[in-house]
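Notes for the one structure printed next.
Nothing in this text is a laboratory measurement; each read-out follows from the coordinates by a stated rule. Small disclaimer: the values here were computed from a predicted structure and weren't measured. Cβ placement follows ideal geometry from the backbone for every residue including glycine, while neighbour counts extend to all protein chains displayed.
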């Protein structure tokens, strides 16, 4: 486990986290939600999970964490860390997370 990528985005951690949640919801197959008990005044922590639905049953598999750190001046630093799941579909889930990370980077990244 280690940082996959670090980059800076425009907006406060709260604003950016809401945008990432909405983006994940629209993209489907993953969710990204703020984990309040792992967050504080200057940084938010988001869990990224794969979602698989079968009728009434919904399975969430943890894929990684997005840490949003207030960088001042309406900027937020993102540190995205993979947490490879102990799951029979490990490779497919890792590929799903990697794709989501690339999409988040492409959509939100700003040059320093």
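Against the chain, whose longest principal axis comes from its Cα atoms, helix 13-27 is set at around 30 degrees. In plain terms, the residue of 97, 7 with the fewest other Cβ atoms within 10 Å comes first and the most crowded comes last, giving 7, 97.
Note on residue 86 and residue 10: the extension gain reaches 23.9 nm, defined as 0.36 nm multiplied by sequence separation minus the Cα-Cα distance. Sequence-distant contacts, meaning Cα pairs under 8 Å at least 6 residues apart, place the relative contact order of region 3-85 at 35 percent.
In plain terms, the residue of 5, 20 with the fewest other Cβ atoms within 10 Å comes first and the most crowded comes last, giving 5, 20.
Computed over the chain, the per-residue total of -39500 (n - 2.57) for DSSP H runs of n ≥ 4 gives a 222 nm mean residue ellipticity of -10000 deg cm²/dmol, rounded to 500. Compared with the direct C-alpha span, the chain from residue 22 to residue 73 gains 16.0 nm at full extension, assuming 0.36 nm per residue. Here the spin labels are modelled as points 7 Å beyond Cα on the Cα-Cβ line, and at residue 51 and residue 106 they lie 2.1 nm apart. Against the main long axis of the alpha-carbon atoms of the chain, helix 90-108 sits at an angle near 30°. Each peptide in 74-80, 90-96 was scored by the mean count of other Cβ atoms within 10 Å over its residues; highest first, the order is 74-80, 90-96. Here the gap between residue 95 and residue 42, fully extended at 0.36 nm per residue and compared with their Cα-Cα distance, gives a gain of 16.0 nm.
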